[in-house]
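Structure first, commentary second.
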Amino acid sequence: MAANRPARKGLALLVALVCLGGIWGARAQAGEKLIVAPDGYPTIDAALAAAASGDVIEVRGGIYGAPLIIEKSVSLLGVGQPVIDGQGAGSLVLINAPDVVFRGFTLRSSGQSLTHEDTGIVIQSPRVTVADNLLDDVLFGIYFANAAEGLAQNNIIRGKPLEESMRGDSIRVWYSDNVQLVGNDISTGRDTLIWYANNIVIRDNHIHDSRYGLHFMYNKNAVVENNLIQNNAVGAYMMYSAGLVMTGNRFIHNRGASGYGIAFKDMDHARVTRNIFVGNMSAVYLDNSPSLYDEYNTFSDNFLAYNDVGLTALPAVRRNIFQRNSFFENHQQVSVQGRGSLLGNIWQQDGVGNYWSDYVGYDGNNDGIGDMPYRAEKLFESLADGQPALRLFAFSPASQALDFAAAAFPSLRPDPKVIDEAPLMQYAVPAGIAEPGQGVSLPFLAAGLALLGLGTGIGVFAWRGGGRWHSTLKRPDVVQAGA
């Protein structure tokens, strides 16, 4: 019996250790709450030093210095919008542990060194959430650096009031797959840059008053939906990527030196559907997209209105499918940069093409499809494609005289840039697009278009003395896509 006592003691000790481990495991899972306040921990650093993995640190107001370095898997929750102030030097928050939640803070006054990439929040571990924060007067905003599966949600990011070339990126996602950017308000930055990252989701953001609203390089399978992208130099410049899905976005008044709503360079297998482009210099720009010979890009059910140019492309662009898009009252519907045409693209499928507001054909059988092809072959536009400075005279008597001469004398008529064999007789504004942030209201836009169509129809009716309306003005009411 005495010989068995050490074994029994060892077993009891083992059981006690297992129970104690279970207690500590339960503590780590449940997490303790540590309070940073006058009657609690005096600083965030002090609370972090005392915290264990899984704890919650609640920061109740106050102003704290930077940098704040987080190296434990904790949740930091701001109550009353506590402030982390960098006083114009360096980065503000560095998150170096996985599974961190950082929510409800104001971060202000980072440094402004592009060389050191002074940033509001630097994330260098996976599964980090930053949400409901205000980042003000920061050079770079939020930087996912080799930090997969992160989430930036409902943050307000305002860059420094610097010259565009001196700004940092509002959000940068670098070598970080499966990151989501949702519901953020982003302004006064350089770009929202997605670089060497796959399976990115960008949804419900308002991106404005920056250089490139979105800038993609070397990414696969991104989803960009329901964003409002306005008043940038370029709405979205997408490069060297594949598998993009872009749907339900609004690209409004992007009018920098290039001024594209969206621009594609070497983009493969992209689907662009149900987007609105209004007031851009060029709604869509295509350069060598798709780049692979066995790939196609699809543009469908988009509404392109009141842009200087609806679609601009290089003449070598091939294998893009355009169907059910509405090209409405753009100053120029299609432009080819250089000599050539866009006939290597597909402008109708299954007998359904696109709406063109300058179509002069008719619909004899009332099936909604024009009986003659739409042909983009205006002489003045062809001359302006080669010499863009000529667009200064776009509404002059000289341009009208050139187009009249080309119509009267077929030998002067240029080769068509686009031939749509099945043009639609009605335009459509995509229905159900969300409205993140402020911008052009879709109901007001739809009402304005309806009034414009009605007014134009009445004018033509009166001019023809009560005769039959021109076919392109038939039923001018706005049709909601999918109705």
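A short reminder: the numbers here are calculations on the coordinates, not readings from a lab. Everything numeric in this text was worked out from a predicted model, so none of it was measured. Here the Cβ positions follow ideal geometry from the backbone for every residue, glycine too, while neighbour counts run over all protein chains shown.
Worth pointing out:
- Alpha-carbon centroid distance for the pair region 130-181 / region 312-356, whole angstrom: 36
- Cut-off 9 Å between beta-carbons: net charge of the residues surrounding S91, Lys and Arg +1, Asp and Glu -1: -2
- Among the GluC sites (Glu not before Pro) in region 28-79, those placed in a DSSP loop whose Cβ has at most 15 other Cβ atoms within 10 Å are E32, E71.
- Values of log10 I(q)/I(0), in the order q = 0.20 Å⁻¹, for region 65-182 under a Debye, Cα-only, solvent-free model: -1.03
- Local electrostatic count at S289 - Lys and Arg +1, Asp and Glu -1, tallied over other residues with Cβ under 13 Å: 0
- Likely footprinting exposure, D367, D191, D55, D287, fewest C-beta neighbours within 10 Å first: D367, D287, D55, D191
- In loop segments of region 141-210 as defined by DSSP, the GluC sites (Glu not before Pro) with at most 15 further C-beta atoms inside 10 Å of their C-beta are E163.
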